[in-house]
1. Would you mind finding the one in B:Leu143, B:Leu152 that is under 30 Å from A:Gly29 (Cα atoms) and surrounded by 13 or more Cβ atoms within 10 Å (Cβ to Cβ)?
2. Do we have A:Glu60 as surrounded by fewer than 17 Cβ atoms within 10 Å (Cβ to Cβ) and either of a type in the set (Phe, Trp, Tyr) or away from chain B (no Cβ under 11 Å) (or both) here?
3. Looking only at residues that are touching a residue at least 12 places away in the same chain (Cβ under 8 Å) and among the charged types (D, E, K, R) in segment A:2-21, which one is farthest from the other protein chains (Cβ to nearest Cβ)?
4. Say we look at segment B:94-134 and pick out the residues that are within 13 Å of another protein chain (Cβ to nearest Cβ), crowded, with 19+ Cβ neighbours inside 10 Å and β-branched (Val, Ile, Thr); which of these is farthest from B:Phe201 (Cα to Cα)?
5. Between residues in segment A:22-39 that are more than 7 Å from chain B (Cβ to nearest Cβ) and residues that are of a type in the set (Asp, Glu), which pairs lie under 6 Å by C-beta distance while being six or more apart or on different chains?
6. Quick one: which residue in A:Ile21, A:Ile30 is closer than 21 Å to A:Arg86 by Cα and in the same structural domain as A:Leu62 (by TED's automatic domain parsing)?
7. Does B:Ala260 satisfy the condition of being surrounded by fewer than 18 Cβ atoms within 10 Å (Cβ to Cβ) and either of a type outside the set (D, E, K, R) or closer than 18 Å to B:Ile177 by Cα (or both)?
2 protein chains.
Amino acid sequence: MAVYTEVTDEALTAFLALYDIGGLVAFRGIAEGVENSNYALKTSTGDFILTLYEKRVNPEDLPWFLGLMEHLAAQGQSCPLPVRARDGRNLNPLSGKIASITTFLPGIWPRRVLAEHCEPLGAALAKLHLAGQGFAPTRKNGLGPDAWGPLLGKCSGQADQVLAGMGAELTGWLERINAAWPQDLPVGHIHADLFPDNVFFLDGGISGLIDFYFACTDIYAYDVAVCLNAWCFERDFSFNVTKSRALLRGYTAHRVLSAAEGAALPVLAQGAAMRFLLTRLYDWLNTPQGALVTPKDPLDYYRRLRFHLAVEDASAYGI
Amino acid sequence: MAVYTEVTDEALTAFLALYDIGGLVAFRGIAEGVENSNYALKTSTGDFILTLYEKRVNPEDLPWFLGLMEHLAAQGQSCPLPVRARDGRNLNPLSGKIASITTFLPGIWPRRVLAEHCEPLGAALAKLHLAGQGFAPTRKNGLGPDAWGPLLGKCSGQADQVLAGMGAELTGWLERINAAWPQDLPVGHIHADLFPDNVFFLDGGISGLIDFYFACTDIYAYDVAVCLNAWCFERDFSFNVTKSRALLRGYTAHRVLSAAEGAALPVLAQGAAMRFLLTRLYDWLNTPQGALVTPKDPLDYYRRLRFHLAVEDASAYGI
């Protein structure tokens with residue numbers, strides 16, 4: 001579940017009075033999402049999402065995230081549009097947290113990814129990259145390569161509790177990834193967390209992208225590599241090249257991947273797998289028993305990482 | 001969270017094709033509720049709730065629950081109305097479970113109960129009791145006094161892990177409650193679980209009651225006693241007689257409580273506290289670590305039970 005912060009009726013009423021979006025009709029916690037508390041909010045003027053930002057989000061980053069979402073929406077991208085209060089603010093305090101109201105997007109995220117989802121997903125990712133180009137402020141990727149060493153340092157001593165020998169393996173693999181990490185690839189604003197539960201489909205097409213709270217300014221092709229990890233493996237961790245071909249076909253129909261970007265996909269995919277493996281491993285080792293959210297198994301990304309390390313070149317992804 | 005069963009897009013599309021409620025627009029898991037999986041479903045014709053019945057609900061009881069809800073809605077009670085598929089069925093298979101679609105009720109359940117909630121709550125409970133009178137089929141209370149002994153039998157050996165000496169205490173108290181349990185009070189259909197999260201308020205009044213999956217045919221005043229437990233204690237487990245007076249005032253404005261019903265309130269409140277204590281104790285002792293739902297602390301109802309056991313008579317509730 002993803003409701004960490006309960007909002008009293010009085011607090012909600014006072015919060016809504018800051019906005020010009022009509023009277024309260026309904027307010028239900030949303031089960032999806034693990035980072036923030038999300039509520040479906042219905043008012044007399046329509047449907048909205050109310051988000052309370054929880055501890056993993058740095059409050060100083062919030063204006064950047066919401067600014068990017070406003071910019072993308074203004075470019076015609078279907079993403080949540082932050083609603084401004086009467087005084088122009090789109091971030092306001094609620095129940096001891098900072099909160100926002102955003103527009104509601106129709107659509108359903110795919111519980112089971114099919115090959116037919118992957119071409120529109122690739123196209124949406126490329127369009128997102130292009131649409132972000134006019135947004136001047138930048139944000140460093142807080143979970144990029146610089147963060148992996150320290151994160152592994154916090155986990156490596158206990159990693160063998162999860163899988164014997166994994167601590168030493170990850171240390172060696174991280175050295176290999178860091179040494180090969182590309183330095184001169186095109187950079188811009190990326191989503192950095194475009195998993196299936198952040199992509200809504202409707203009537204066979206994409207109706208919107210959500211959850212920009214890991215967005216940052218980093219290598220475009222790294223965002224492609226995140227999607228190769230998140231969308232192209234089957235439940236048995238076999239890699240489905242039909243899906244990756246469709247994803248890359250959709251992407252390159254809107255933004256050309258240069259030869260250098262294509263050639264870097266294996267190491268970028270290794271890095272992306274390492275990023276999710278490390279954050280999951282950290283959560284796995286540090287989530288108290290009885291916590292609201294069950295941590296995700298880090299070994300899912302250990303298996304993906306092993307696949308990408310064994311890849312000879314980007315032809316494994318169908319490029 | 002309360003999404004135990006994931007529904008694939010294909011399964012959902014096939015399920016909705018059985019109904020005449022328009023095309024799919026959105027589908028989000030709802031965080032509230034612990035027994036069943038609930039989704040907010042939006043179609044081109046409006047908002048609905050899709051419920052998948054999980055293991056605690058006996059499938060044989062479902063037609064009774066939905067029949068009662070249809071009856072209550074026909075009597076003008078604001079409760080979810082089961083939607084019938086084109087073939088007339090209101091229960092259909094989905095993702096290995098039995099599922100229903102019901103209408104969406106506006107309103108917000110009170111996160112913090114105030115005295116002003118309690119009079120309308122009492123009135124709504126009495127109206128529910130009256131509205132149920134025309135519904136002929138009955139359902140035995142599966143969590144009534146007959147069930148408490150066996151439930152305690154499954155827990156008493158481990159109860160002392162939760163609180164030293166509690167196993168023997170509960171055994172003694174249950175004997176006392178059973179010996180005093182009233183036999184001749186008016187009986188009818190009761191909600192039996194009317195906690196604040198099952199009662200929606202809007203603009204100062206009650207907009208609807210939900211979650212009829214513990215409803216049964218039992219002593220009316222027992223339902224009042226459940227509400228005394230669920231609505232009238234403060235967070236420090238002190239009993240707020242202003243709230244109970246308001247609750248009883250609201251109730252008796254619509255349905256007279258006889259002298260015998262009033263006099264039985266202490267033992268009925270003891271029994272209601274015992275029922276929630278025992279189910280919470282069982283869940284506390286039997287929920288695996290890492291389960292989706294964190295079990296609720298059984299001691300909350302141990303404290304309530306001690307209050308009701310110390311009560312001299314029903315004047316403690318303001319009657």
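1. On the way: B:Leu152 fails: under 30 Å from A:Gly29 (Cα atoms).
The unique qualifying residue is B:Leu143.
2. Numbers: surrounded by fewer than 17 Cβ atoms within 10 Å (Cβ to Cβ): yes; either of a type in the set (Phe, Trp, Tyr) or away from chain B (no Cβ under 11 Å) (or both): yes.
Criteria met by A:Glu60.
3. So the first thing to find is which residues in segment A:2-21 are touching a residue at least 12 places away in the same chain (Cβ under 8 Å), and the list is A:2-8, A:11-12, A:15-16, A:18-21.
From the residues that got through so far, the ones that are among the charged types (D, E, K, R) too are A:6, A:20.
Numbers: A:Glu6: 5, A:Asp20: 19 Å.
Among those that are touching a residue at least 12 places away in the same chain (Cβ under 8 Å) and among the charged types (D, E, K, R), it is A:Asp20.
4. Of everything passing the filter in segment B:94-134, B:Val113 is farthest from B:Phe201 (Cα to Cα).
5. Pairs found: A:Asn36/A:Glu54.
6. Values: A:Ile30 fails: closer than 21 Å to A:Arg86 by Cα.
Answer to the check: A:Ile21.
7. Values: surrounded by fewer than 18 Cβ atoms within 10 Å (Cβ to Cβ): yes; either of a type outside the set (D, E, K, R) or closer than 18 Å to B:Ile177 by Cα (or both): yes.
So B:Ala260 passes the test.
Conditions tested, residue by residue: (1) over 27 Å from B:Asp9 (Cα atoms); (2) under 19 Å from the mean Cα position of the chain (by Cα); (3) at pLDDT 95 or above.
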residue	(1), (2), (3)
A:Pro182	yes, no, yes
A:Thr217	yes, yes, yes
A:Ala225	no, yes, yes
A:Phe233	no, yes, yes
A:Ser244	no, yes, yes
A:Arg249	no, no, yes
A:Leu257	yes, no, yes
A:Ala260	yes, no, yes
A:Arg275	yes, yes, yes
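The values are calculated or read from the model by the stated rules, or taken from the named source; none is laboratory data. Computed from a predicted structure; not experimentally measured. Cβ sites come from the backbone with ideal geometry, for glycine too, and all protein chains shown count toward neighbours.
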